[in-house]
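Visitor: My questions will all concern the structure given below.
The values are calculated or read from the model by the stated rules, or taken from the named source; none is laboratory data. The structure presented is a predicted model; accordingly, all values stated were derived computationally and were not measured. Note that each Cβ is placed from the backbone with ideal geometry, even for glycine, and that neighbours are counted across all protein chains shown.
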Amino acid sequence: MNIPNRLEQALVKLYNAFHNNNLHPEDCTACAVGNILDKKDFWKHLSDDHGSLKLNSVGIIHQRLGRRFNGYTPKELLEIERVFLKACGYKIPLHYKNEKPKNPTDKEILFNGLCAVVTFLCELDNIPDVMNLSKLFKHEKGKPMYLLEDIL
């Protein structure tokens, strides 16, 4: 299967973040989008609410100009983050009063979030769901059970 470059890069970054314990849903540099964007936080300025799909004026300008960040439009980045947060058990938008997981860095919670994100990323690129590669994120005692090179 021919995997688009942006998807392949995103998968590698998410895989590494998951297995290196650098994934945290409440940290804009360590969440799904933060990792896809190389641990940068500029994307949080595309919307006024974390988890919202509504672009603010900055996001609208970037979207209308056709800007892409590591291959993704501002709207797609917000969608990716929303999918991740919801699959991790957050009520959206992210707010201290809203429901959230007790331990947001629990590997099972993060695994659920990543599975949903990978499925969504495949939908964005109109390719079959590579989540049959769920073994990418399988772990035993905190260690990856498979190497990325063996799967892709």
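Visitor: How many residues does segment 13-44 contain that are aliphatic (A, V, I, L, M) and assigned to a helix (DSSP H, G or I)? Steps first, please.
Guide: First pass over segment 13-44, keeping only residues aliphatic (A, V, I, L, M): 14, 17, 23, 30, 32-33, 36-37.
In the following step, the residues that additionally are assigned to a helix (DSSP H, G or I) were identified as 14, 17, 32-33, 36.
So the answer is 5.
Visitor: Could you check residue 132 against (1) at pLDDT 95 or above; (2) assigned to a helix (DSSP H, G or I) and say which number it fails?
Guide: (1)
Visitor: Look through segment 1-18, keep the residues that are of a type in the set (A, V, I, L, M) and under 13 Å from the mean Cα position of the chain (by Cα), and return whichever of them is surrounded by the most Cβ atoms within 10 Å (Cβ to Cβ). So that I can check it myself, show each step before the final result.
Guide: At the first step, the residues of segment 1-18 found to be of a type in the set (A, V, I, L, M) are 1, 3, 7, 10-12, 14, 17.
Then keep just the ones that are under 13 Å from the mean Cα position of the chain (by Cα); that gives 7, 10-12, 14, 17.
Values: 7: 18, 10: 26, 11: 23, 12: 15, 14: 23, 17: 21.
The residue in question is 10.
Visitor: What do you reckon, is residue 94 under 16 Å from the mean Cα position of the chain (by Cα), touching a residue at least 12 places away in the same chain (Cβ under 8 Å) and in a helix (DSSP H, G or I)? Before the answer, list the steps.
Guide: Details: under 16 Å from the mean Cα position of the chain (by Cα): yes; touching a residue at least 12 places away in the same chain (Cβ under 8 Å): yes; in a helix (DSSP H, G or I): no.
The answer is no for residue 94.
Visitor: In addition: Counting only residues that are in contact with a helix residue (DSSP H, G or I) (Cβ under 9 Å, 6 or more places away or on another chain) and of a type in the set (S, T, N, Q), how many does segment 1-20 have?
Guide: Residues that pass the stated criteria total 2.
Visitor: I need a count of the residues in segment 67-91 that are part of a loop (DSSP other than H, G, I, E, B) and within 15 Å of residue 43 (Cα to Cα). Let's see the steps before the verdict.
Guide: Taking segment 67-91 first, the residues part of a loop (DSSP other than H, G, I, E, B) are 67-68, 70-71, 73, 88-91.
Still in the running and within 15 Å of residue 43 (Cα to Cα): 67-68, 70-71, 73.
Looking only at that region, the number is 5.
Visitor: Residue by residue through segment 48-91, note down the ones that are modelled with pLDDT of 95 or more, under 16 Å from the mean Cα position of the chain (by Cα), surrounded by fewer than 19 Cβ atoms within 10 Å (Cβ to Cβ) and of a type in the set (Gly, Ala, Ser).
Guide: Those that are modelled with pLDDT of 95 or more, under 16 Å from the mean Cα position of the chain (by Cα), surrounded by fewer than 19 Cβ atoms within 10 Å (Cβ to Cβ) and of a type in the set (Gly, Ala, Ser): 71, 89.
Visitor: I've got another one for you. Exactly one condition in (1) farther than 28 Å from residue 126 by Cβ; (2) modelled with pLDDT under 95; (3) not polar (S, T, N, Q) is false for residue 45; which is it?
Guide: For residue 45, the exception is condition (2).
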